[in-house]
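Q: Sharing a structure below in structure tokens format, with a few things to ask.
Bear in mind that the values in this text are calculations on the coordinates, not laboratory data. In this text the structure is predicted, and so the values were computed from the model without any measurement. Reconstructed Cβ throughout: ideal geometry from the backbone, glycine too, with neighbour counts over all protein chains shown.
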Amino acid sequence: MESPGEREVRPLPTPTIPDSTALLIALRKILNERLTKKQRAVLDFLADDENRGISQYRAALEISSRLFCSRSAVYNSISSMKRCGLVRNETGRLTLTELGLLLLNMEVKNDT
């Protein structure tokens, strides 16, 4: 029996895990909402075939000149995307991860 002021604690229902396509669509929607202009520019830049494997320094230099911003702002964007698993730096060369490529190339339909 509950004493006054106490509530019955009920267990949370076990969530069902959506399939991988639903998860990717959700991630893509989050990216559309949360990516900064600089982060989007980095992804688009690295997705271009001629820029694959470009050095981080050169990428920052080219992107900063296109966006009229500092290289440090671009470096910060790159670092953030590395932590999210969208970009990797292998032996000084930047590339999109498989997840970064997949999310960048996914077409998202609006639910409205």
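Q: So, R0 is 30 Å and r is the distance between the beta-carbons of residue 51 and residue 79; what FRET efficiency does that work out to, to 0.05? Before the final figure, lay out each step's value.
A: Working: r = 18 Å, r/R0 = 0.61.
Efficiency computed from Cβ-Cβ geometry: 0.95.
Q: So for the chain, what percent of the C-alpha to C-alpha distances run longer than 17 Å?
A: 61
Q: If packing is taken as the mean number of other Cβ atoms within 10 Å per residue, what is the order of 55-67, 74-86, highest first?
A: 74-86, 55-67
Q: Moving on. Taking R0 as 22 Å, what's the FRET efficiency between residue 65 and residue 93 from their Cβ-Cβ distance, rounded to 0.05?
A: 0.65
Q: Considering only 57, 92, 47, whose Cα is most displaced toward the positive end of the charge dipole of the chain, charges sitting on Cβ of Lys, Arg (+1) and Asp, Glu (-1)?
A: About the Cα centre, the residue reaching furthest to the positive side is 57.
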